[in-house]
Amino acid sequence: MAAAINLQSYQEPILFLATAGIVVPLVHRLRISPVLGYLAAGILLGPYGVGRLVPNYPWVNWITFTNPEGTSHIAEFGVVFLLFTIGIELSWQRLRTLRRLVFGFGSLQVALCTAALGLLAFYLVGSITAAVLIGLAFALSSTAIVIPVIAEQKRLNTPVGRASFSALLFQDLAVAPILFTIAVLDTGRPEITTASFAWAFLQTILALAAIIGFGRLALRPLFQLVSATKSPELFMAASLLVVLVTSLVAAASGLSMALGAFLAGVLLSETEYRRAVDVTIQPFKGLLLGVFFVSVGMSLDPLRLLEAPTLILLAAGGTIVVKSLIIGVLGRPFGLSASDAAETGLLLGPSGEFGLVILGSAMGAGLLPTGIGQNLLVATTLTMVVIPLLARLGRRLSRQLERHRPLDPATAITPPPDEVARVIVAGFGRVGQLVGEMLERHKVPYLAIDLDPARVAAQRRAGKPVFFGDGSYPEFLKACGIERAPALVITLDTPSAIEAVVTASRKERPDITIVSRARDAKHAAELYKRGVDDAVPETIEASLQLSEAVLTDIGVPMGLVIASIHERRDEFRSILKESSTRRGPDRTEFRARRTVGKTAPTPPASEPSRPEPVSQTGS
């Protein structure tokens, strides 16, 4: 007999999935940010929403999130996965490119905002320590909301996106020292000695060394071993394992889980598996970020606005105004235009999820009065709720300012190297390698993808920009930059694989130039039907090259041969394109056109005779 099922243990997962299934399509139809939808669902279905009705109406418990603490633990992984995917997109090279914005703009933003907000908070709490902690909490912005909002607008690679990301990255790096300082000042803990402080610091350094050492030594062999199995399930398991292990190692050493995952992502960005891992992680990141936004909404008690409306509204509004002004002014010396600086200020003006963590830790350590801290938590959450609205306002303000300013090339920020538009080469066997070599000769940047891990590893050692992954997956093509790629070259040798890549890429990017290898004329006609710009049949191309060789060898002038070969290739292309609109290529048509006016030209009388062949010796 089957054991009885405890339905309540499944209540919150089912409720969240039902919320996601209803909220996302609804807000998409209403053209509202999903972030706002999740936040509203958290407020409505949380303990401070319909949860208040549970004592009088017990059945309401089935449609209420009743375990905020348990949900918050799961929600934390939303930020973890977000930072991991950001790390994958960065790489050490791009970090070096953004170092001025990260450590210059980011550090000054935190310092100036902390000083200004801390000074205002001092008049509220009367304690320098509490005022500084409040200033730090409100100085940090929301990575989990700002980055998805910018990504939804497809503006991560704009000056606004880079400046916002750089400031958020520095803030995330600053969280660990802040939390460590709170732990040192904790009034409920035994006195911190020099030895314990040194040990805690050493523990942090060891954790960072372990994460970086593991990444350098083990990540590439691990994924090479897993990818050789050709099992998507094992690849997914390995990806999740890396995220969880690195984040938990960081958390155990006193760092933030998100920082550990971020470092793992940066280390993976140097490998050929970065894009495949990114595509694998995306669905988990989306769902867990949804849980995070719901948990943020659950923590907002609307009734506290009635108890202390002046304090909460002044704290929320003052934070946004002060931070927006400071960030807007600070952005100008770092190369942002007035419009970009204003938009960045509005995006980073609200507080964020780490502000909630710092305020909670400060209350737990006895450094901040509980009553004031609870009200500030509501104010922090309130600022996070209005981020999507401020993003829209900032975009409109930016457009208005943009219309009234002359174009100034000096204010442009050079895109990091990985944002260069690259030709994508799908398949990097012998044919793909030759294509890559020709692109290099003409200084055309390219990116190659292949599903053979041994080949990818060998080409990576040779310095080629090759990545592991399947080009028939739209999300993987996005990760490879198909939105900005000037062309796609398909050199795969399996017709079905070629057709799958053509279909996926044409659906994802209708205007991209696609040049594909084809098995024969019939296959080329099918590819033209699917939307390729040029199909190169192996049989036809081989016959043309043989014709070129024999004609030149028997003395026909090279210029005439090349011209006739190009003319014949254009004829074949026209025939194949025409036949792609019908049932298939007509072999009799090829034969008929092959004999009409196509006799090889004879050498003119004045043409010098071909010299005798020279004996070939040596290598």
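The values are calculated or read from the model by the stated rules, or taken from the named source; none is laboratory data. Note that the structure is predicted; figures quoted are calculated from it, not measured. Positions of Cβ are backbone-derived with ideal geometry, glycine not excepted, and every protein chain shown enters the neighbour counts.
Scan segment 383-394 and report the pairs whose first residue is β-branched (V, I, T) and surrounded by fewer than 18 Cβ atoms within 10 Å (Cβ to Cβ) and whose second residue is modelled with pLDDT of 85 or more and part of a helix (DSSP H, G or I), with Cβ atoms within less than 6 Å and a gap of 6+ or a chain change. Cβ pairs passing all conditions: none. Only one of the numbered conditions (1) among the charged types (D, E, K, R); (2) within 27 Å of S269 (Cα to Cα); (3) not in a helix (DSSP H, G or I) is not met by R517, and that is (2). All of A111, A167, A151 fail the test of being free of Cβ contacts under 8 Å to residues at least 60 places away in the same chain, part of a helix (DSSP H, G or I) and more than 29 Å from G366 (Cβ to Cβ), apart from A151.
So which residues in segment 462-503 are over 17 Å from the mean Cα position of the chain (by Cα), surrounded by fewer than 22 Cβ atoms within 10 Å (Cβ to Cβ) and touching a residue at least 12 places away in the same chain (Cβ under 8 Å), if there are any at all? Result: K464, P465, D470, S472, P486, A487, D493, P495, A497, E499, A500, T503. Figure legend. Inter-residue proximity from segment 49-68: first residues among the aromatic types (F, W, Y), second residues part of a loop (DSSP other than H, G, I, E, B), beta-carbon distance below 8 Å, spacing 6+ or different chains. Indicated pairs: F65/G46; F65/P47.
So is E437 outside any helix (DSSP H, G or I), surrounded by fewer than 18 Cβ atoms within 10 Å (Cβ to Cβ) and either without any contact (Cβ under 8 Å) to a residue 12 or more places away in the chain or not aromatic (F, W, Y) (or both) or not? Here the answer is no, as E437 does not meet what is asked.
When R405, R430 are checked against the criterion of being modelled with pLDDT under 80, out of contact with any Lys or Arg (no Cβ under 7 Å at 6 or more places or on another chain) and loosely packed, with under 13 Cβ neighbours inside 10 Å, a single residue qualifies: R405.
Being of a type in the set (A, V, I, L, M) and in a helix (DSSP H, G or I) is the requirement here; does L289 meet it? In short, yes. Residue-level check: of (1) buried (at least 24 other Cβ atoms within 10 Å of the Cβ); (2) not in a loop (DSSP other than H, G, I, E, B), E272 misses just (2). Restricting I43, I88 to residues that are within 23 Å of S351 (Cα to Cα), modelled with pLDDT of 75 or more and either touching a Leu at 6+ places or on another chain (Cβ under 8 Å) or loosely packed, with under 13 Cβ neighbours inside 10 Å (or both) narrows the list to I43.
Checking segment 367-377 against the condition returns no match, with no residue being buried (at least 21 other Cβ atoms within 10 Å of the Cβ), within 28 Å of the chain's Cα centre (by Cα) and not charged (D, E, K, R).
When restricted to residues that are more than 28 Å from the chain's Cα centre (by Cα) and either of a type in the set (D, E) or buried (at least 18 other Cβ atoms within 10 Å of the Cβ) (or both), segment 122-177 contains 7. Criterion applied to A487, A535, A563 was being among the small types (G, A, S), assigned by TED's automatic domain parsing to the domain that holds I424 and at pLDDT 90 or above, and the one residue passing it is A487.
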